[in-house]
1. Here is a list: 63, 41. Which entry is aliphatic (A, V, I, L, M), part of a helix (DSSP H, G or I) and closer than 22 Å to residue 3 by Cβ?
2. If you scan segment 23-73, which residues turn out to be touching a Lys or Arg at 6+ places or on another chain (Cβ under 8 Å), aliphatic (A, V, I, L, M) and at pLDDT 95 or above?
3. Collect the residues in segment 23-48 that are open to solvent by 100 Å² or more (accessible area, probe 1.4 Å) and hydroxyl-bearing (Ser, Thr, Tyr), keeping them in residue-number order.
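The values are calculated or read from the model by the stated rules, or taken from the named source; none is laboratory data. Just so we're clear, the structure is a prediction, and the values are computed from it rather than from any experiment. Cβ placement follows ideal geometry from the backbone for every residue including glycine, while neighbour counts extend to all protein chains displayed. The accessibility values were calculated without ligands, DNA or RNA, using every heavy atom of the protein model including side chains. Shrake-Rupley method; radii C 1.70, N 1.55, O 1.52, S 1.80 Å.
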Amino acid sequence: MDKNMTLEQANNLLEETIKKLENNALPISESVALYTEACELLAFCMNELSVCKGKIDEANDMLAKRISEEGNE
């Protein structure tokens with residue numbers, strides 16, 4: 001898996017991998033490999049979303065501080 005991919009790219013790959021996994025005709029070894037890939041992609045997506053949430057929280061905190069400072073003037 002490419003660690004430099006975007007969240008959107010990883011999500012698209014995850015969706016494709018899940019579609020492949022839904023094919024019941026796959027050999028078990030291929031299913032396990034696809035499952036492993038899906039878990040890696042999901043972990044990547046969850047991490048990226050966590051980073052984004054942190055940035056949003058920081059922006060909201062900054063905004064709340066600024067509003068509070070303006071209200072005290």
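1. The conditions single out 41.
2. Residue satisfying the conditions is 34 alone.
3. Residue satisfying the conditions is 35 alone.
Yes/no per residue for (1) open to solvent by less than 70 Å² (accessible area, probe 1.4 Å); (2) among the small types (Gly, Ala, Ser):
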site: 11; (1), (2): yes, no
site: 21; (1), (2): yes, no
site: 50; (1), (2): no, yes
site: 64; (1), (2): yes, yes
